[in-house]
Amino acid sequence: MVLTEKETAVIKDLQTQEKSCIEKYKRYSEEAKDPVLKDLFMDLHHHEQKHYDSLQQVLTGAVPSCNCNDSEGKNYNPTATYKGMDNSDDKKLDCFLATDCIGTEKLVSSEYNKEVFAFGDSSIRKLLADIQVEEQNHAEMIYKYKTVNAMA
């Protein structure tokens, strides 16, 4: 499989988005106060690295398989660390980090939605659609964290 110049540019742009997510989740895992949120951010850091690696495979002519039925967001059930009336600085920081990441996931998901049709190859479109679903699941997982911790 040979990508067109436009397809190559799109994949590289998506990799830039993924690289930003990788770095953000790593940093935020270090900044977060709640161990549950730290773990979630590290898990998402690894997921974003897999997305980046999958895109790299596309650039080298291979399209990795995908499950396209990801239910990780639906099945995520975090435990509460903060109480409803807790107004601590730690909770405020964790709320900020989580809210910022939801915004990032929305942006990245919309990029995949926009760019999926730039490709003629259906296996690449399937991969990009799968990554988009995973990005949506990441946002759902973070939102569930916020909800259980009375941040939403």
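The values are calculated or read from the model by the stated rules, or taken from the named source; none is laboratory data. Fair warning: this is a prediction, and the values are worked out from it, not measured in the lab. With ideal geometry, Cβ positions are generated from the backbone for all residues, glycine too; neighbour counts draw on all protein chains shown. Please note that ligands, DNA and RNA were not included when accessible areas were found on the heavy atoms of the full protein model with its side chains. Shrake-Rupley method; radii C 1.70, N 1.55, O 1.52, S 1.80 Å.
Table for the structure above
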| quantity | calculated |
| --- | --- |
| Accessible surface of region 54-114 [probe 1.4 Å, protein heavy atoms]: carbon and sulfur percent | 51 percent |
| Heavy-atom accessible area per residue - the chain, 1.4 Å, Å² | 52 Å² |
| Members of K19/K83; K12/K144; K19/K146; K33/K126; K12/K114; K26/K126 lying beyond 26 Å, as alpha-carbon distances in this model show | K19/K83; K12/K144; K33/K126; K26/K126 |
| Inter-centroid distance (Cα atoms) of region 1-34 relative to region 133-152, Å | 20 Å |
| For region 7-52: Kirkwood Rh in Å [reciprocal of mean 1/r, alpha carbons] | 10.8 Å |
| Lys, Arg +1 and Asp, Glu -1 on Cβ, resulting dipole of region 83-152 about Cα centre, debye, nearest 20 | 220 debye |
| FRET efficiency estimate (nearest 0.05) - Cβ-Cβ, T79 to A129, R0 25 angstrom | 0.20 |
| Sum of side-chain charges, S71 neighbourhood, beta-carbon under 14 Å (Lys, Arg +1; Asp, Glu -1) | -3 |
| Whole-number percent relative contact order across the chain, with pairs defined as alpha carbons under 8 Å at least 6 apart | 31 percent |
| Degrees, to the nearest 10: 89-115 long Cα axis against longest axis of the chain | 20 degrees |
| Translational diffusion of the chain, µm² s⁻¹ [Kirkwood Rh, Cα pairs; Stokes-Einstein; 25 °C; 0.890 mPa s] | 153 µm²/s |
| Accessible area of D130 in the full protein assembly, 1.4 Å probe (Å², nearest 10) | 10 Å² |
